[in-house]
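Heads up: the structure comes next, in structure tokens.
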Amino acid sequence: MREMVTMVVVLTVLSALSGGLLSGLRNATASKIEVQQLKFVKGPAIKEILKGASNDPIADRFALKDGEMERKFFVGKFDGKVNTVVLESSGKGYGGDVGLMVAVNMENDQIVGVGVTTHSETPGLGATAKDDPGFVSQFKGKPINETYKVTNDGGKINAMSGATITSRAVCSAASNAGMIYKKLKPQLEEKLKEFK
Amino acid sequence: MAKTLTQEFTKGLWEEIAPFRLVLGLCPVLGVTTTVENGIGMGLATTFVLVFSNILVASLRNIIPAKVRIACFIIIIATFVVVTELLMQAFTYPLFLKLGVFIPLIVVNCIVLGRAEAFAYKNNITLSIADGLGIGIGFTLSLAALGALRELFGANNLTIWTTPTSVFGVQQVFGANFEPFTFMVQAPGAFVCLGLMLCVMNLMGSK
């Protein structure tokens, strides 16, 4: 009986201490982690696809509720007009989800540019999606409300050699972004007015 | 006969070097060693968890009841793994991106639990720190060696450490005309390299 009590007490105390320590540390590092993500992954991708924007898209961001989820959007200003919005989306790649940033011009519903952010693709093959401007630039100027496919599947996007699955993931992420955009467009237009 | 502090430390570097002598903890060994940098990063993260879990297990060894010791070890180890993960995300984010899924997997790395069970639970704190450091550094060296082999032939580079502004290491070791064996940085290449290294280690040990 005595042994039972010790076991329960030791396990409970240990779990409680561990839980307390971790939640404390999590709160302490949360803001720092968000800054790091923006700086290393999302920031560079957004800056690249919104090249020439006169504002700081990282600072001008807002969130919208999409059903249960909260989505983040970034705003781009070109020629004095706030007309571009960046949305996040993802597709299933070879080693996990491939995150994609898609910038859309709200005036003509065209893609301004796309950039790959978080991914776990094979180095040297799928991972080149992030660094190869030739592949992602294929989306530039295309309408957002379209379903994208690689040429193998009867679409218009040329896949990267040796990385068809990653190319498919980027295409499905881009198509996905189109759906999010369609669904939230009225709210997005509302929000963009605040940045003028 | 009790071994000295130095012996406990150095045994992890050669005699009981975890991936090659004990063939333990192979998941990260095969998974992350696409570059030297990843190997070192993963090794250091594991060393951190190993040393601190050893300290805590050794200091609580008289309080932890024998019947629930494994559960207690796992709580301690899991806590330090999450601490490592959060700290890496906050301070070395680029490295965290590369190691990704392998950091949470340190929890189930049998080296860490193995040292807690086989060593720290039976020895005092000082010896446990020496043991944790030794095994951890040995693990780091093994990962770095395997990473070096794979990166050298698979990508023609040797990166020791990358900061956002600069890269420490040698690019294009064999010159620009060398066509890298992409095979080496993929999963099968890891098995082949590990097999070759085990073979060399056994040849050296079998005299």
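What to note about this one:
- For segment A:112-119, the count of residues that are open to solvent by 50 Å² or more (accessible area, probe 1.4 Å) and in contact (Cβ under 8 Å) with a residue 60 or more places away in the chain is at least one.
- If you filter segment B:91-105 down to residues that are assigned to a helix (DSSP H, G or I) and either touching a Leu at 6+ places or on another chain (Cβ under 9 Å) or not hydrophobic (A, V, I, L, M, F, W, C) (or both), you find that the one that is farthest from residue A:38 (Cα to Cα) is B:104.
- Members of segment A:18-30 that are within 8 Å of another protein chain (Cβ to nearest Cβ) and aliphatic (A, V, I, L, M): A:21, A:22, A:25
- Single match in A:84, A:128 (criterion: farther than 23 Å from residue A:183 by Cβ and out of contact with any Ser or Thr (no Cβ under 8 Å at 6 or more places or on another chain)): A:128
- Residues in segment B:116-140 that are open to solvent by 30 Å² or more (accessible area, probe 1.4 Å), assigned to a helix (DSSP H, G or I) and either under 17 Å from residue B:49 (Cβ atoms) or out of contact with any helix residue (DSSP H, G or I) (no Cβ under 8 Å at 6 or more places or on another chain) (or both): 6 in all.
- Qualifying residues in segment B:12-21 (those that are over 14 Å from residue B:193 (Cα atoms) and touching a residue at least 12 places away in the same chain (Cβ under 8 Å)) - the one most open to solvent (accessible area, probe 1.4 Å): B:14
- Among the residues listed as B:95, B:56, B:87, B:60, the single one being within 12 Å of another protein chain (Cβ to nearest Cβ) and at pLDDT below 85: B:95
- Top-ranked residue of segment A:127-164 - restricted to ones that are among the hydroxyl-bearing types (Ser, Thr, Tyr) and surrounded by 14 or more Cβ atoms within 10 Å (Cβ to Cβ), ranked as farthest from the chain's Cα centre (by Cα): A:164
- In segment B:123-169, the residue that is farthest from the chain's Cα centre (by Cα) out of those that are among the aromatic types (Phe, Trp, Tyr) and away from chain A (no Cβ under 14 Å) is B:168.
The values are calculated or read from the model by the stated rules, or taken from the named source; none is laboratory data. This is a predicted model, so every value here is computed, not measured. Positions of Cβ are generated from backbone atoms using ideal geometry, with glycine treated the same way; all protein chains shown enter the neighbour counts. Heads up: the accessible areas ignore ligands, DNA and RNA and are worked out on the full protein's heavy atoms, side chains in. Shrake-Rupley method; radii C 1.70, N 1.55, O 1.52, S 1.80 Å.
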